[in-house]
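Only one structure is covered here, and it is reproduced in the block below.
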Amino acid sequence: MREAVDGVKVWLREWLAARGGVAGSVHARRGDELVLVDAVNIPVSVLESVRRVPRGKGMAGLAFERGVPVTTCDLKTDTTGDVQPGAKAVDVNAAVAVPVCDAEGDLRGVVGIAYQGARAIGEGELAVLVQEARTVPFE
C-alpha cells in the first residue's frame, strides 16, 4: 500500500508541473465515498473537509456521481453550487475534478487540478486531462 501512495505522490506532482497546475488532489474510491490519497497546496483547513468525500458533495463528489469532469472558471466566484464554500479558501481560480475509470468503466477515483487565474477549461484541454488522469497508479 505504501508503494501505491508513493506512486500517487510522484504522479500528482509530475502531472501538476506538466499541466501548469498550482494545486491538486487524488482521491481513491472506497465503496460509496472518496478517500484522499494525496494533495498539493491545499490548506490544512480544507484538507480536513476533503479527507472523505461522499458521492455528490463538492467538485470531486459530483465528478464521482456524474461520471464526467466537473469544472469551474473561478473557485472564488463560482455560483453553480458545485463548489463547496471551504474550497474557496484555496488560493486558486480555474479548477477541474476528473473521474478516473478502469477499462470496464468502474470509477477508481477522482483527480483534481487547479490553476492561477480565472479561465474556461476548453474541450481539448479537458480531453487531455481525462486521458492523463487514467494513468494514476492507484495500485
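What does the charge dipole of the chain about its Cα centre add up to, to the nearest 20 debye, if the Cβ of each Lys and Arg holds +1 and the Cβ of each Asp and Glu holds -1? Let's see the in-between values first.
Values: 16 positive and 19 negative charges, 60 e Å.
Dipole size: approximately 300 debye.
At a 1.4 Å probe, what is the % contribution of carbon and sulfur to the accessible area of the chain? Kindly include the intermediate steps, with their values, before the conclusion.
On the way: 3650 of 6930 Å².
Carbon with sulfur: 53 percent of the solvent-accessible area.
Please report Rg over Rh for the range 6-45, where both radii come from the alpha carbon positions and Rh follows the Kirkwood definition. Intermediate results must be reported in sequence, preceding the final value.
Values: Rg = 10.9 Å, Rh = 10.8 Å.
Using only Cα positions, Rg/Rh for the range 6-45 is 1.01.
Grab the beta carbon distance between Ala103 and Arg52, set R0 = 22 Å, and tell me the FRET efficiency rounded to 0.05.
On the way: r = 26 Å, r/R0 = 1.20.
With a Förster radius of 22 Å, E is 0.25.
Per residue of the chain, what 222 nm ellipticity follows from adding -39500 (n - 2.57) for every DSSP H run with n ≥ 4, rounded to the nearest 500? Display every interim value, and only then the final one.
Details: 4 runs with 45 residues, N = 139.
Here the helix-only value at 222 nm equals -10000 deg cm²/dmol.
If you rank Val68, Val5 by how much accessible surface each has, with a 1.4 Å probe, what is the order from largest down? Please list the in-between numbers first.
Numbers: Val68 70, Val5 25 Å².
The most accessible residue leads, giving Val68, Val5.
Whole-Hz Karplus ³J(HN,Hα) for the range 94-105, in order, using 6.51 cos²θ - 1.76 cosθ + 1.60 and θ = phi - 60°, x for Gly and Pro?
Rounded to whole hertz, the list is 5, 8, 9, 10, 10, x, 10, 10, 7, 4, 8, x.
Where Lys and Arg each count +1 and Asp and Glu each count -1, what net charge lies around Arg19 among other residues with Cβ under 15 Å from its Cβ? Let's see the in-between values first.
Working: positive: Arg13, Arg119, Arg134; negative: Glu14, Glu125, Glu132.
Combined, the nearby Lys, Arg, Asp and Glu give 0.
For the range 1-70, what relative contact order do you get, as a whole percent, if you take Cα pairs closer than 8 Å and at least 6 residues apart? Mind showing how you got there, number by number?
Working: 82 pairs, mean separation 14.9, N = 70.
Reported relative contact order: 21 percent.
List, in order, the whole-Hz ³J(HN,Hα) value for each residue of the range 111-119 obtained from phi through the Karplus relation with A = 6.51, B = -1.76, C = 1.60 and θ = phi - 60°; use x for Gly and Pro.
Taking θ as phi minus 60°, the curve returns 10, x, 9, 9, 10, 6, x, 6, 5 Hz for the range 111-119.
Per-residue HN-Hα couplings for the range 51-62, Karplus 6.51 cos²θ - 1.76 cosθ + 1.60 at θ = phi - 60°, whole Hz, x for Gly and Pro?
Karplus-based 3J(HN,Hα) across the range 51-62 equals 4, 10, 10, x, 3, x, 9, x, 5, 5, x, 6 Hz.
In square nanometres, what is one fourth of the surface area of the convex hull spanned by the alpha carbons of the chain? Working shown, then result.
Working: hull surface 30.2 nm².
Value for the chain: 7.5 nm².
Please get the size of the charge dipole for the range 97-139, origin at its Cα centre, with Cβ charges of +1 on Lys and Arg and -1 on Asp and Glu, quoted in debye to the nearest 20.
Working: 3 positive and 7 negative charges, 46 e Å.
That gives the range 97-139 a dipole magnitude of about 220 debye.
List the residues whose amide H sits under 5 Å from the amide H of Gln116, counting only those 5 or more places along or on another chain, with H placed 1.01 Å from N in the peptide plane.
Val22, Asn93
The values are calculated or read from the model by the stated rules, or taken from the named source; none is laboratory data. As the structure is a prediction and not an experimental result, all values here were calculated from the model. Positions of Cβ are generated from backbone atoms using ideal geometry, with glycine treated the same way; all protein chains shown enter the neighbour counts. We work out accessible area using only protein heavy atoms, side chains counted, and drop any ligands, DNA or RNA first. Shrake-Rupley method; radii C 1.70, N 1.55, O 1.52, S 1.80 Å.
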